[in-house]
Amino acid sequence: MDVILFLIFAIIAVVCAINVVVQTHPISSAISLVGVMGSLAILYLTLGAEFLAAAQVIVYAGAVMVLFVFVIMLLNAGAETKKGQSSMALFLGGPLLVALLILLVWFVQSRYSETVHFGGFRGGSAQDVGRALFTTYLLPFEVTSILILIAILGAIVLARKEMD
Amino acid sequence: MDAFIVISLIKIVVVFAVLMTTLAYLQWVERKVIAHIQIRPGPYRVGPHGLLQPLADVIKLITKEDLVPPYVNKPLYLAAPFMAITMALLSISVIPFGPVIQVAGYQTAMQLTDLNIGVLFVLAVSSMGVYGIALAGWSSNNKYALLGGLRSSAQMISYELPLSLTIAAPLLISNTLSLRTLVDRQTGGIWHWNVIHGGQIVSFLIFLIAAFAETNRVPFDLPEAENELVAGFHTEYSSMKFASFFMAEYANMITVSCMAVLLFLGGWDAPWPAQYGSSLVPAAIFAFAGVVALYHGMHAARRRDAKTLPVFGIVFFIIAAVFLLPMMQSWLVPLFWFCAKTGSILFLYMWIRGTLPRFRYDQLMGFTWKFLFPVAVLNLLVTGFVVALVS
């Protein structure tokens, strides 16, 4: 069951990821990215990390990507045109891509040889994540929040300049 | 395992059928309520008191021509209503309606599935619902639809923040993310509910306001302001595609009302404990309705009423008797309280639609960012402090 679920959603994730690059229209790319994030969330869920799955959907698919789509709609960005495709990219890129994939498979195989089972990961509940964030990873957590605060302030400063 | 699957399938069918009927009749109720607020009869022609109007509307919507305008982005244009209705119906699957009950020897919860991240699931699904509206507006290739879609996505992103923050406050008090446990921690009467016991009256009000905006209802229905935007994001949609947006709006209303009841109003818990007679209230209400119907049947204003009203009276008496049966009481009374609370909030929706004018767009945005959001943050901070001090 978990293998079937994994295969279905892994394939959806990869197809959507390729679609992000292939599509010429920004909105279609953005929607494909939502597909990638949704299937990633389900993969997290099959692993037993339910909080991460929910956070993935709420934050990335539900907030960040909605803003992406919103901005694309607001700017009314048109479809991109394909031009200047060099044949060099195909000749060099194809073999390089295959080499990279082989390298990646070999690396993962040699490093992480044990298989993962459905629900094999304990500690993905909201309580566990919260405890880990506020004890083990307190410093990175706080530093990240300050980083986000700086980003918000930066956004306000930039927007102000525009208005004057 | 087999029993589990069969019970789940039965539950899915029952919940789906009830939800669909409620969706259709909610619209009839809304038209009636607004009509009576504006002193007119409302739907009256199809069936007695227009009771068959929803059926007529469904037939009309199905048989209308399903038009796809030229120059639309076809895949997204077709996917948008589907997305909207799917996301709206999906979140009902984690909403609990009543306690765990025994049916023919099997123990089952009055809920499709109890997730331990139920609250987050509802938030995630409802945040995905924005895509349906935004993409409908964009893919229609119509400037009014685009403006409607833009307005609604901006509005839903903005109001999601105070909404999530106010949900966090009762979660802090109840210390759980499962909707069923949330209700279990509030049982024991009105003074145990989060809105009283946890002092969450502020976050309850913010939740209600943000919920109105999330479901694009008056006074926040800017995305479909007809005098500015024709019909907003669904201008180019006809037939069942239009109906799916319509159904999605009403399904979202029901979900949000259920969430308000579960988070703040104690779910299916009676306002006071059963030993002081709260389980007799539903029977008393229906018996009273029966008496009123019989009385008006005796002194009929029209000749027809002398026949129909006594029938209604007897039906009400039978319902009241059913509520008194001990075997039915264990699940019917909690269900009654849940529906009564949800219905009250839905009535509030209609009441406000009948009485309040629409916001201006800058007022809408200023209201959430300059008022609702800071108050929600403050409320969360205070709640956090109190919870930390008490525990």
>> Under 29 Å between alpha carbons, and skipping anything fewer than 8 positions from B:K370 in its own chain: which lysines qualify?
In response: A:K161
> From the Cα gyration tensor of chain B, with a ≥ b ≥ c the square roots of its eigenvalues, which class applies: rounded if a/c is under 1.5, or else prolate if a/b is larger than b/c, or else oblate?
Replying inline: oblate
> Among B:F317, B:F347, B:F336, which one shows the biggest mean-square fluctuation in a GNM of chain B, springs joining Cα atoms closer than 10 Å?
Replying inline: B:F317
>> Give the average, rounded to an integer, of partner chain Cβ atoms located within 10 angstrom of each Cβ in A:63-75.
In response: 4
>> Whole angstrom only: what separates the Cα centroid of segment A:39-74 from the Cα centroid of segment B:190-248?
In response: 23
>> Among B:G47, B:G118, B:G199, which one shows the highest mean-square fluctuation when chain B is modelled as a Gaussian network with alpha-carbon springs under 10 Å?
In response: B:G47
> What's the local net charge at B:V33, with K and R +1, D and E -1, over the other residues with C-beta under 14 Å away?
Replying inline: +4
> Once the other residues with Cβ under 15 Å from the Cβ of A:V129 are scored (Lys, Arg +1; Asp, Glu -1), what is the net sum?
Replying inline: 0
>> Students often forget the sequence filter, so: which lysines lie under 26 Å Cα-Cα from B:K341 once same-chain residues fewer than 8 apart are removed?
In response: B:K11, B:K32
> Sorted by average packing, counted as other Cβ atoms within 10 angstrom per residue and highest first, what order do B:63-70, A:21-28 take?
Replying inline: A:21-28, B:63-70
> When B:W369, B:W191 are ordered from fewest to most other Cβ atoms inside 10 Å of their Cβ, what list results?
Replying inline: B:W191, B:W369
> Using a simple spin-label model with points 7 Å from Cα along the Cα→Cβ vector, what separation in nm is obtained for A:I4 and A:L153?
Replying inline: 5.4
> When we measure straight from the Cα of B:K241, which lysines land under 23 angstrom away, once same-chain ones fewer than 8 places off are left out?
Replying inline: B:K60, B:K64, B:K74, B:K143
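Please give the peptides B:16-28, B:85-97 ranked by average Cβ packing (other Cβ atoms within 10 Å per residue), highest first, as a rough proxy for protection.
Per-residue mean Cβ counts within 10 Å order the peptides as B:85-97, B:16-28.
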> By average Cβ neighbour count within 10 Å, what is the ranking of B:162-174, A:35-47 from highest down?
Replying inline: B:162-174, A:35-47
> Got a sec? How would B:R302, B:R151 order by Cβ neighbour count within 10 Å, fewest to most?
Replying inline: B:R302, B:R151
> Which of the trypsin sites (Lys or Arg not before Pro) found in segment B:338-367 are loop residues per DSSP with 12 or fewer other Cβ atoms within 10 Å of their Cβ?
Replying inline: B:R360
> What FRET efficiency would be calculated for the residue pair B:A306, A:R122, taking the C-beta separation as r and a Förster radius of 51 Å, to the nearest 0.05?
Replying inline: 0.15
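Readers should treat all values here as calculations from the given coordinates under stated rules, not as data from a laboratory. These figures come from a predicted structure and were not determined experimentally. Please note: Cβ atoms are built from the backbone with ideal geometry, for glycine as well, and neighbour counts cover all protein chains shown.
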